[in-house]
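Peer 1: Structure provided below as structure tokens; questions to follow.
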Amino acid sequence: MSPVDEILAQVPLGDLAARLGVDEATAEHAARQALPALLGGIQANAEDPARAASFAQAVQQHDSGLIDGGVDLGQVDTTDGDRIVGHVFGEQRPLVVNQLGGIGPLGAGPGGPGPGGAGPGGAAPDAPAAQGALGGQDGSGLIAKLLPLLAPIVMSYLAKKLAGGSANTGGLPGAGAGSGGGLGDLLGGILGGGAGGQSGQGGILGGGLGDLLGGLLGGGRK
């Protein structure tokens, strides 16, 4: 199961759709756009030496219990989520929102496999209808509302993964000053490439969004 599917399996799509004011197919499709972008943006920051330690610490400060046993969207702090999105994307936030709001399934044409594939829980059968709902201004507005909802959930997911990875190391990866440590490694694995490489961006993102976040990664390494 992909990380996007793992996260979505804990999110009540009916509740999410109600919060967004759309149908469940559109809510799921939009989430499948936003989740890889959040993961990729966090990876970009984890690989920036100037920001790595602070992002690793921020992940560790989030309660991994938020995602355990299913997310209660009423418990999601969207104010915190808005801050997370701002920190992740910085001044490129409007560009990311517009890119996400104007594209179809990542890495696929209508009806093709998206980032989660076309297996159980995949959005491929509903992709054409959802794609239309995400086009243009309406799509950007939907993504802008969705990102602060998903950001704390992503941080909780990463906190859980990091805590699980610490069992054999005696401490949370990435806790050392000046290094993203295990956070960068974890995200590199999640996105399909090693930490520090851009190949993983193409694996889960692809297209214009992959190029945009690849620019963030490149800037961080200079």
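Peer 1: Being over 22 Å from Val96 (Cβ atoms) and surrounded by fewer than 23 Cβ atoms within 10 Å (Cβ to Cβ) is the filter here; which residues of segment 55-70 pass it?
Peer 2: Passing the criteria: Gln57, Gln60, Gln61, Asp63, Ser64, Gly65, Leu66, Asp68, Gly69, Gly70.
Peer 1: If I go through segment 32-54 residue by residue, how many of them are in a helix (DSSP H, G or I) and surrounded by fewer than 20 Cβ atoms within 10 Å (Cβ to Cβ)? It would help to see each step written out before you state the result.
Peer 2: Within segment 32-54, the first condition is being in a helix (DSSP H, G or I), and the residues that meet it are 32-46, 52-54.
Next, only the ones that are surrounded by fewer than 20 Cβ atoms within 10 Å (Cβ to Cβ) stay: 53-54.
Matching residues across segment 32-54 total 2.
Peer 1: What helices (runs of 4 or more DSSP H) completely inside segment 66-149 contain at least 1 residues that are at pLDDT 50 or above and of a type in the set (Phe, Trp, Tyr)?
Peer 2: On the way: elements: 78-89, 93-101, 127-133.
Ranges flagged: 78-89.
Peer 1: Would you check if Gln57 is over 13 Å from the mean Cα position of the chain (by Cα) and assigned to a helix (DSSP H, G or I)? Talk me through it step by step, then tell me what you get.
Peer 2: Working: over 13 Å from the mean Cα position of the chain (by Cα): yes; assigned to a helix (DSSP H, G or I): yes.
Taking the combined requirement at face value, the residue satisfies it.
Peer 1: Just checking, which of Glu28, Glu24 is in contact (Cβ under 8 Å) with a residue 40 or more places away in the chain, surrounded by 15 or more Cβ atoms within 10 Å (Cβ to Cβ) and of a type in the set (Asp, Glu)?
Peer 2: The conditions single out Glu28.
Peer 1: Ala17 passes all but one of (1) of a type outside the set (S, T, N, Q); (2) more than 16 Å from the chain's Cα centre (by Cα); (3) modelled with pLDDT under 90; which number fails?
Peer 2: The failed condition is (3).
The values are calculated or read from the model by the stated rules, or taken from the named source; none is laboratory data. Fair warning: this is a prediction, and the values are worked out from it, not measured in the lab. Counting neighbours? That spans all protein chains shown, and the Cβs are built from the backbone with ideal geometry, glycine included.
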